[in-house]
There are 4 protein chains.
Amino acid sequence: MNGNRFGRLFQVTTYGESHGPSMGCTVSGCPAGLELSEDDIQRELDRRKPGQSQITTSRGEPDAVSIESGIQDGYTTGTPIGLTIENKDARSGKYEPFITAPRPSHGDFTYSAKFGTRNWGGGGRSSARETVNWVAAGAIAKTLLSREGIEIAAHVCQIGDVEASEVSFDEIRERVDETDVRCADLDAAERMQELVEEYQREGDSIGGGIYFEARGVPVGLGAPRFDSLSARLGQAMMAVPAATAFEFGLGREAREYAGTERNDEWEFSEDGAPAPTENDHGGIQGGISSGEPIYGEVTLHAPTSIPAEQQTVDWETGEVIEDAQVIGRHDPVLPPRGVPVVEAMLALTLADFMLLSGRITPDRVDGRPGEYDTDYHPENPRNE
Amino acid sequence: MNGNRFGRLFQVTTYGESHGPSMGCTVSGCPAGLELSEDDIQRELDRRKPGQSQITTSRGEPDAVSIESGIQDGYTTGTPIGLTIENKDARSGKYEPFITAPRPSHGDFTYSAKFGTRNWGGGGRSSARETVNWVAAGAIAKTLLSREGIEIAAHVCQIGDVEASEVSFDEIRERVDETDVRCADLDAAERMQELVEEYQREGDSIGGGIYFEARGVPVGLGAPRFDSLSARLGQAMMAVPAATAFEFGLGREAREYAGTERNDEWEFSEDGAPAPTENDHGGIQGGISSGEPIYGEVTLHAPTSIPAEQQTVDWETGEVIEDAQVIGRHDPVLPPRGVPVVEAMLALTLADFMLLSGRITPDRVDGRPGEYDTDYHPENPRNE
Amino acid sequence: MNGNRFGRLFQVTTYGESHGPSMGCTVSGCPAGLELSEDDIQRELDRRKPGQSQITTSRGEPDAVSIESGIQDGYTTGTPIGLTIENKDARSGKYEPFITAPRPSHGDFTYSAKFGTRNWGGGGRSSARETVNWVAAGAIAKTLLSREGIEIAAHVCQIGDVEASEVSFDEIRERVDETDVRCADLDAAERMQELVEEYQREGDSIGGGIYFEARGVPVGLGAPRFDSLSARLGQAMMAVPAATAFEFGLGREAREYAGTERNDEWEFSEDGAPAPTENDHGGIQGGISSGEPIYGEVTLHAPTSIPAEQQTVDWETGEVIEDAQVIGRHDPVLPPRGVPVVEAMLALTLADFMLLSGRITPDRVDGRPGEYDTDYHPENPRNE
Amino acid sequence: MNGNRFGRLFQVTTYGESHGPSMGCTVSGCPAGLELSEDDIQRELDRRKPGQSQITTSRGEPDAVSIESGIQDGYTTGTPIGLTIENKDARSGKYEPFITAPRPSHGDFTYSAKFGTRNWGGGGRSSARETVNWVAAGAIAKTLLSREGIEIAAHVCQIGDVEASEVSFDEIRERVDETDVRCADLDAAERMQELVEEYQREGDSIGGGIYFEARGVPVGLGAPRFDSLSARLGQAMMAVPAATAFEFGLGREAREYAGTERNDEWEFSEDGAPAPTENDHGGIQGGISSGEPIYGEVTLHAPTSIPAEQQTVDWETGEVIEDAQVIGRHDPVLPPRGVPVVEAMLALTLADFMLLSGRITPDRVDGRPGEYDTDYHPENPRNE
């Protein structure tokens, strides 16, 4: 069990190591008839790509995706979509000093202890490079959800002690990629940028938080109790590298709210359906989506690989190394590049539940299976 | 897909509704040869039982567990363990007013919208009564883990604005059941009790938080990336009724920590193995257990069913009801009875990973399968 | 991993041992709004019940099912359906001689070796009594499929060297329960009955085969490659106690057919759709249902528990027992009581694929989820 | 749900179409420390490769495997193993006539009906080319099993009416690849070859059967009831393209055996353990391996793509085509190339159960996880 699979009906399976030949993921369960191109995926990969700015690693990866199966004439065929992304700038040599001396708070020690072997290529499987697969798969999920009117957004809501003010969904979508820190509150973004650069100069790193939101999610997603929407979002978001907290709705603050304060009363909407007067519940009630926007936050701790001197030990030589420095190509802060990753995990979770709830039919995006005609894509050149 | 299954190798499947004839769960994957009695399970159920104190619902359930299969002469047989718990004090009539008028922020509306039907028996499947199954299954997991030296504890660390001081693992285990609020900081417990009674008097309710900790967990549990220990704990804890936040280690606070602050340096332990100097990482590194205590917190929002007047709407009559009151047998605060539930989910998650990692062998607690002798339980009366 | 779960979306989980207090199964994934009563389930259980005739075990079990959850006012609620069946005539004493001496070709040895413990109650979990759960769950699947126009039938097509002539689907459905051997060719049935009685008189037993057929299955069920309809039927049928062969379409005989002989050519059906001229393919092409009847056979070997003297060994005493006799309440032939079991496994497999293909929507049998009205069951007394 | 995943702990996920850029599979759950090279995989792929002889398709594929992850310095790392195999000789043009006219008994119609789209590249996902992935993954499983003393063999036991005589396990392993038809009875092989050539000359094809056997399988594999070893083998083998029957032990013939004939009595083996006097049970008792050789047969129907004239219909033009000929590069008989495929599915199933039973530990092939040393591979160049 390698934990390289996500999703029950919209399924993602990944492979790849930081400095291996390629990263890859197979997406299955995407219905036939979805218009999809490499560009749709590449656009998202470019947002996660290293080397975008001064505050991201300088590793030079084009992260060009190649579709190996599952698409024909620009539409999904309903069969597994194989994606590969070559590692072009892999250099394992850089990390050699740390083969038997674990980096502080990194996964080096635990991976080595678990598998009895040490991947000396930049963390191997434990590297956040894996998330390139998630973003690729998430791009397909987003395309699928978008057809159903579900839109997703995320931005950096906090770095260190700099918090963003509340920003609207539309503002997030418009501005998220405008700044290097990916915060849609542009004032806060500037202060965040300064803060990160300060830590970076000192060979240090800093933590932060990402706010996410999904709109257009219909009522009824989630399979309580163990597969409630909140439980599966919890799994999805806590899988994000460096995540230490997941919250939705009022999150941790809900501790201090009384029932009368937090409860959202019911009124009738314009079309006569019950609608909550507010959305303190974060779009999920009893583990099932309520039709209101789903929102929450993920906390990512500071990157552990830092140039500052720290103590480690070499378990082979028995030596204590007091001034170990991790000199590689590391980000000084994770949320800016984590934004597309969080969006991807949100999209993957929702796409899965859309299929599980029958809102999206499993075999074809249009209609039910079992009709023998194959020409429902008018653009299909073979069917003219 | 009803989301009534938890675990990959240590598997729990549940059924039951608040006011149906019985609750039940089937535990499979528990190896043979584990000494286990109804008492081991009953002890935990009694901690979760309603009607324990003034601040819990007055529903009168003995919650007596019956083992239907999987145990012979006091030991598990390796085959599925069927457990049932009768509902003795079911009265569905109480809730009738709310059949087509959803309680504010309750699962009434979302369940009805999802299934197109309304369970009028006290919430039916959405009721927290379901957690009686989790606690029963969790008791088996705890018994199994205890053999391996893994111990689990939880207590209420916050209610409203009253926070507990830091308490040691041993103090939690000793004192958690001493007070009605289940807080091991006895001073804070007193203030919490007062606070809850105050809200109760006003027909209101209040939120809170539960701290959990596991000791003795070996290095190597967790299957990154999607099934990392933190991801699966995230799922487990966010499935707890009313959970709005899951944190481990520094949790949400990690946002404000620099890498140099949060990173735990390495030293050699007395027995010569690498050991972190601190445990800011919360016992999980790179998604895998580090051997240090695993700790974190879960936030539970205020109970939604309150006597205070709130507005709702009746979707059948079209009526707006401004002064709806939920007059039932409801808890004014959830964490006190949530403590055994959180412990259960922690135990179930860890037992599953102990099996997945091969630390606990799947067929027998002692040794490997394939030996033809059957007499390795000396107490076995048939084998004298 | 106890292998007590079947199905991906239409999920069954079972527990129970031959001589424990009860058998039980939990069915989840059945959509809301299905009319279902205990009678619908009991009818099928009565067909599998022991003590029906001279050629079945004399164990006296009423096999009365009790619905513990998931049904309200005669309709499914969409949440897990808990079923229990009490064991009324459990007597474990009967089998004591064989605790450490395995019955020839029975599961005694393998279960004991696997779990290091011996269930001395009539085989415990390895008993075919478990199939009472399958038939109960299968009855729900049948009810669900019937709404969609899918009908299922099976009958005994061979016992020993007595083969039934070809019988039509309708004849099978009409006559299957008319004879004790459950063969719809009534002449063959008579000869089968005589044959079985002959073996029974000699303290021996005999093997046989079951023919199954499903009609009304739409085109498009099956998820090739590993989850093709034939692969999952293969799993389902090979799980039936004593199954040694699974065949569909021409089955084993297909070895001797040329492509030109076996291939079914295409013509247009009356409504203008492509239709095969014959059905040598058995209703499955490329692992997916073709819309034609699905048919095949399952072979069940002779019951292993027989009064005739056979040699075994006692692994505790080291004794060789040359004249061991299994004096219990055992069937001399399995297919007659296996018919409802095979039907159940066929129904469970098809119901699962109907959900997986989106033909049956997962939350509600009628319409899509997300509408807030709950009154679509006109019979619902609360909604008058 | 695309059915592109096999295995619970030893997991395979595949993608790829007959005429797409590449085939690929990801194997996860293989423990760390297994010596494994591309050669180990290539050797098996070469056995399945097209163009080996006159009686296989002339498609010219080198089927060269590339390992993308999961191996370091010649040993598995415990993390997912990504494999890709380029399609070098893809030419989709050949099949164009059949885009809207389904080939008789092929998956064309059912795939098109299911997904509402037609893959015009030689069957796309429905092509047996997919099995290149299975053989690649199976090679890893075989390597893993071999360490545990489990060996696997298969050969063609029947083509048309030509049956092989009984051949020993060792003979099969020695001779299976000696003849083009892959039958270890060399006399029968000659007659099979002649028969196939005869059908081939007539533009026809013919069915056949494969015998498989596994030796060294320990007692205790299988998770009855639904995941019994026979049930999972049933799934695995019925997933093989063109499979219409699966049998183990006496298979279909068991119908005619009495209990006294089929039952295998017990004696003591030389080392004092209970051992069956014969192996009519086929190595599986009560769904669990008995320690005896596991053997059985799979039937593969005649290839459906044949040059002989057959009738089909064009669902777009409404035309009935009486003389459709499938002129491509197709095998006239499947079992010869199916042998490595059946071996692969047997190996994958057994590897999965070896992990599920704890016989193979999940994280490392040697020893338990949690030790911090990483130098247990003496050959590891980094650990000198």
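Candidates are the residues of the stretch D:38-51 that are modelled with pLDDT of 95 or more and open to solvent by less than 60 Å² (accessible area, probe 1.4 Å); the one that is nearest to D:R329 (Cα to Cα) is D:L45. For the stretch B:208-225, filtering for residues that are open to solvent by less than 10 Å² (accessible area, probe 1.4 Å) and farther than 26 Å from B:E174 by Cβ leaves 4.
Inside the stretch A:1-54, can you point out the residues that are over 24 Å from D:P80 (Cβ atoms) and of a type in the set (G, A, S)?
Of everything in the stretch A:1-54, those that are over 24 Å from D:P80 (Cβ atoms) and of a type in the set (G, A, S) turn out to be A:A32, A:G33, A:S37, A:G51, A:S53.
Of the residues making up the stretch C:179-201, those that are among the charged types (D, E, K, R) and more than 29 Å from C:I327 (Cα to Cα) are C:D185, C:D187.
None of D:S58, D:S66 is at negative phi, in a strand (DSSP E or B) and open to solvent by 10 Å² or more (accessible area, probe 1.4 Å) except D:S66. Within the stretch D:285-332, the residues that satisfy the criterion of being of a type in the set (A, V, I, L, M, F, W, C) and either more than 9 Å from chain C (Cβ to nearest Cβ) or in contact with an Asp or Glu (Cβ under 9 Å, 6 or more places away or on another chain) (or both) are D:I294, D:V298, D:A302, D:I306, D:A308, D:V313, D:W315, D:V320, D:I321, D:A324, D:V326, D:I327.
Scan the stretch B:16-29 and give yes if some residue there is among the acidic types (D, E) and touching an Asp or Glu at 6+ places or on another chain (Cβ under 6 Å), otherwise no. Step through it out loud before you land on a result.
As a first pass, look at the stretch B:16-29 and keep what is among the acidic types (D, E): B:17.
Add one more test, that the residue is touching an Asp or Glu at 6+ places or on another chain (Cβ under 6 Å), and what stays is none.
Taking every residue of the stretch B:16-29 in turn, none turns out to be among the acidic types (D, E) and touching an Asp or Glu at 6+ places or on another chain (Cβ under 6 Å).
Being more than 16 Å from C:I71 (Cβ to Cβ) and at pLDDT 95 or above is the filter; apply it to the stretch C:15-37 and report the residue that is surrounded by the fewest Cβ atoms within 10 Å (Cβ to Cβ).
Filtering the stretch C:15-37 for residues that are more than 16 Å from C:I71 (Cβ to Cβ) and at pLDDT 95 or above, the one surrounded by the fewest Cβ atoms within 10 Å (Cβ to Cβ) comes out as C:S22.
Of all positions in the stretch A:72-82, none carries a residue that is under 22 Å from A:Q325 (Cα atoms), away from chain B (no Cβ under 14 Å) and open to solvent by 30 Å² or more (accessible area, probe 1.4 Å).
Based on what the data block shows, is C:E190 within 12 Å of chain D (Cβ to nearest Cβ) and either over 29 Å from D:T304 (Cβ atoms) or over 24 Å from the mean Cα position of the chain (by Cα) (or both)? Criteria not met by C:E190. Would you say B:A239 is aliphatic (A, V, I, L, M) and more than 8 Å from chain A (Cβ to nearest Cβ)? No. Residue-level analysis places C:D280 among those that are open to solvent by 20 Å² or more (accessible area, probe 1.4 Å) and either at pLDDT 95 or above or among the β-branched types (V, I, T) (or both). You will find that of B:E130, B:E171, the residue that is assigned to a helix (DSSP H, G or I), at pLDDT 95 or above and within 13 Å of another protein chain (Cβ to nearest Cβ) is B:E130 and no other. Scanning the stretch D:343-358 turns up no residue that is buried (at least 24 other Cβ atoms within 10 Å of the Cβ), over 30 Å from B:I360 (Cβ atoms), within 11 Å of chain C (Cβ to nearest Cβ) and touching a residue at least 24 places away in the same chain (Cβ under 8 Å). Counting the residues of the stretch B:359-381 that are at the interface with chain D (Cβ under 9 Å from one of its Cβ atoms), modelled with pLDDT under 90 and open to solvent by less than 10 Å² (accessible area, probe 1.4 Å) gives 2.
Filtering the stretch A:264-273 to residues that are open to solvent by 10 Å² or more (accessible area, probe 1.4 Å) and facing another protein chain (nearest Cβ under 7 Å) leaves A:E265, A:E267, A:F268, A:A273. The set of residues from the stretch A:263-312 being among the β-branched types (V, I, T), in a loop (DSSP other than H, G, I, E, B) and closer than 30 Å to A:S205 by Cβ comprises A:T304, A:I306. Hey, any hits in the stretch A:137-150 for a residue that's under 24 Å from A:N87 (Cα atoms), buried (at least 24 other Cβ atoms within 10 Å of the Cβ) and out of contact with any Asp or Glu (no Cβ under 9 Å at 6 or more places or on another chain)? Yes - at least one qualifying residue is present in the stretch A:137-150.
When you check A:R129 against the structure, is it touching a strand residue (DSSP E or B) at 6+ places or on another chain (Cβ under 8 Å) and closer than 30 Å to D:D366 by Cα, yes or no?
On the way: touching a strand residue (DSSP E or B) at 6+ places or on another chain (Cβ under 8 Å): yes; closer than 30 Å to D:D366 by Cα: yes.
The answer is yes for A:R129.
Inside the stretch D:1-44, residues that are over 26 Å from D:P362 (Cα atoms), more than 14 Å from chain C (Cβ to nearest Cβ) and either without any contact (Cβ under 8 Å) to a residue 12 or more places away in the chain or outside any loop (DSSP other than H, G, I, E, B) (or both) make up a count of 1. One residue stands out in the stretch B:199-223 among those that are charged (D, E, K, R) and more than 10 Å from chain A (Cβ to nearest Cβ): the one that is farthest from B:F248 (Cα to Cα), namely B:R201. Within the stretch B:101-112, the presence of a residue that is at pLDDT 90 or above, under 27 Å from B:A214 (Cα atoms) and either surrounded by 22 or more Cβ atoms within 10 Å (Cβ to Cβ) or not β-branched (V, I, T) (or both) is excluded. Any residue in the stretch C:103-116 that is facing chain D (nearest Cβ under 8 Å) and charged (D, E, K, R) sitting within a Cβ distance under 7 Å of a residue that is open to solvent by 10 Å² or more (accessible area, probe 1.4 Å) and in a helix (DSSP H, G or I)? List the pairs, counting only those 6 or more apart or interchain. Correct list of pairs: C:D108/C:F98.
Could you tell me which of the residues C:G203, C:G234, C:G209 is in a loop (DSSP other than H, G, I, E, B) and among the small types (G, A, S)?
Numbers: C:G234 fails: in a loop (DSSP other than H, G, I, E, B); C:G209 fails: in a loop (DSSP other than H, G, I, E, B).
Being in a loop (DSSP other than H, G, I, E, B) and among the small types (G, A, S) holds for just one of C:G203, C:G234, C:G209, which is C:G203.
Among the residues of the stretch A:213-230, is any touching a Cys at 6+ places or on another chain (Cβ under 6 Å), under 29 Å from A:I55 (Cα atoms) and assigned to a strand (DSSP E or B)?
no
In the condition set (1) in contact (Cβ under 8 Å) with a residue 12 or more places away in the chain; (2) outside any loop (DSSP other than H, G, I, E, B); (3) among the basic types (K, R), A:R182 is compliant with all but (2).
The values are calculated or read from the model by the stated rules, or taken from the named source; none is laboratory data. What you see is a predicted model; the values in this text were computed from it and never measured. Quick reminder, even Gly has a Cβ in these numbers, built from the backbone with ideal geometry, and neighbours come from all protein chains shown. Accessible surface is based on the protein model in full, side chains and every heavy atom, while ligands, DNA and RNA are left aside. Shrake-Rupley method; radii C 1.70, N 1.55, O 1.52, S 1.80 Å.
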